[in-house]
Amino acid sequence: MGERAKEWLLAAGAGAAVGALSAAAVIDLLSRSKRRERYARDLLESNGMTTGNTRSSKHLGSLGSSALLSDEVVSEQLTSHAASMLLRSGVGRLLLVDFDQVSLSSLNRHAVATRDDVGTSKALCLKKHFSMIYPECQIDAKVQLYDASSEEEILSGQPDFVLDCIDNIDTKVSLLAACVRRGLKVLSAMGAGARADPTRIRVADLRESSNDPLSRSVRYRLKKEHGIEGGIPVVFSLEKPKAKLLPFQASKEEETPSDYQIVPGFRVRIIPVLGTIPAIFGQVMASYVVTQLAGLDFQTEPVVNLDLDHYRILHQRLIEHEELMYGTAEQVLVDAEEVMYIVKELWRGRSARDQSQDTGRKMWRSVNELMLVRWDKSKAAGISNLILVKFSEADAHESTTLDRIKEQEPEFYSMVSRVLKRAEMEFAL
């Protein structure tokens, strides 16, 4: 990163905290009961180790409700890789909020923790290592669980960005709703557990995420409880989870999962995690935040489920429309693959007049009502002169002029001009 950009990021970070939040257990809440000691020993032995140090305890995740325990795969994403790369990118102030401890089972996906850190607070562990990497960074670490009572304390500093890496559904929904209510920029990590394919990781609006049980639950709860239907960017994987929560194994017949919960509502069962996937999630989150803070144009890949045949259909419709309107298709300067770019990259599978609406995952259902038309009728039907509209919108567009659109719908005119200008730049037209 250039010196000028680095100084800008330092200034931006110094003005307010950049939150890196997750969830699990406060140090002081770790009971030394015999029951938990047995569980800790069993966990150590399952990892091929034995020790008398029960500080390592168990690695906890979360559960929004008991109904989710049987069929929902919740996140095992940690903040550490995201926070580490924000630090190394020159962000001048970090607020780390985490009430979990470093455990043996989390070492495979932690950015900086070592075996000596097992049993210590994750937030304080990060602060210790980060201070050695970048001593000039102002780092605040809170060993704390985020909830409604701590909202004001954690979010009142107007952070430039909040990174939500919480893996408890109740707490996650509460934080996201608070960020929306306060007008804070937030990026949320969804389920990283039981995935293995790094090429399927995406950044998209929460409405467009798919194949992710955590996203589905969060989406439902935000809409039902807070009236929030989207507008929150998330990092998620298109890959279907390859495993569910591992079964609970009690030491005694009468024991239940709740006997091992440090905090009510947090699960004690675990899910297999390939350490590289949470790390990539964190790297993606840091990249997204840094580009947003720097004011760079971050174009996320649309989640549009169409195959090439669908784009061929749209291409053929364009040809037929050109023949109907102009008597010839000679001015069609795009092929099916370029139609794919226009539909997917420029218009994100939506009508140019519905860019704020949620189509994403349902794009394949709406292809039968979409078509491409020229923006400027005096120019050829090229990559930088085609907009995606519904059949019902095409006739109205063809019967008007650009001057009239500019006069009557200045915001729409500016938006389309901006999108088509992007095509010119990316294709060096």
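The values are calculated or read from the model by the stated rules, or taken from the named source; none is laboratory data. No experiment lies behind these values; they were computed from the predicted model shown. Cβ: placed from backbone, ideal geometry, glycine included. Neighbour counts: every protein chain shown. We work out accessible area using only protein heavy atoms, side chains counted, and drop any ligands, DNA or RNA first. Shrake-Rupley method; radii C 1.70, N 1.55, O 1.52, S 1.80 Å.
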Which of (1) at pLDDT 95 or above; (2) closer than 18 Å to Arg422 by Cβ is the odd one out, the single condition Arg350 does not satisfy? (1)
Residues of the range 145-161 being assigned to a helix (DSSP H, G or I), among the acidic types (Asp, Glu) and crowded, with 17+ Cβ neighbours inside 10 Å, which ones? Glu151
Can you tell me which residue within the range 374-395, out of those that are over 37 Å from the mean Cα position of the chain (by Cα) and under 29 Å from Ala428 (Cβ atoms), is least open to solvent (accessible area, probe 1.4 Å)? Ala380
Go through the range 146-164 residue by residue and tally those that are under 21 Å from the mean Cα position of the chain (by Cα) and at pLDDT below 90. 3
Here the residues within the range 99-123 that are farther than 17 Å from Ile166 by Cα, part of a helix (DSSP H, G or I) and hydrophobic (A, V, I, L, M, F, W, C) are Leu104, Leu107
Looking at the range 97-112, is at least one residue more than 21 Å from Ile277 (Cα to Cα) and modelled with pLDDT of 90 or more? yes
Residue list for the range 271-330, filter: in contact (Cβ under 8 Å) with a residue 60 or more places away in the chain, outside any loop (DSSP other than H, G, I, E, B) and open to solvent by 80 Å² or more (accessible area, probe 1.4 Å): Met325
Qualifying residue in the range 76-99 (condition: more than 18 Å from Tyr288 (Cα to Cα), crowded, with 21+ Cβ neighbours inside 10 Å and touching a Cys at 6+ places or on another chain (Cβ under 8 Å)): no
Test for Lys172: is it open to solvent by 30 Å² or more (accessible area, probe 1.4 Å), under 14 Å from the mean Cα position of the chain (by Cα) and of a type in the set (D, E, K, R): no
Does Leu184 meet the test of being at pLDDT 90 or above and part of a strand (DSSP E or B)? no
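Would you mind stating whether Ser131 is open to solvent by less than 30 Å² (accessible area, probe 1.4 Å), of a type in the set (Ser, Thr, Tyr) and either more than 21 Å from Pro241 (Cβ to Cβ) or in contact (Cβ under 8 Å) with a residue 24 or more places away in the chain (or both)?
So Ser131 fails the test.
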Confirm whether Leu333 is touching a Leu at 6+ places or on another chain (Cβ under 8 Å), under 18 Å from Ala380 (Cα atoms) and touching a residue at least 40 places away in the same chain (Cβ under 8 Å). no
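Evaluate the following for Val91: is it modelled with pLDDT of 50 or more and closer than 24 Å to Ser150 by Cβ?
Numbers: modelled with pLDDT of 50 or more: yes; closer than 24 Å to Ser150 by Cβ: yes.
Answer is yes for this residue.
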For the range 396-426, name all the residues that are farther than 23 Å from Tyr326 by Cβ, open to solvent by 40 Å² or more (accessible area, probe 1.4 Å) and touching a residue at least 12 places away in the same chain (Cβ under 8 Å). Lys421
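I'm checking my understanding of the structure. Among residues of the range 187-211 that are under 21 Å from Ser106 (Cβ atoms) and part of a loop (DSSP other than H, G, I, E, B), which one is most open to solvent (accessible area, probe 1.4 Å)?
Pass one, the range 187-211, residues under 21 Å from Ser106 (Cβ atoms): 188-196, 198, 201.
Then drop every residue that is not part of a loop (DSSP other than H, G, I, E, B), which leaves 190-196.
Details: Met190: 0, Gly191: 0, Ala192: 0, Gly193: 0, Ala194: 10, Arg195: 7, Ala196: 49 Å².
The qualifying residue most open to solvent (accessible area, probe 1.4 Å) is Ala196.
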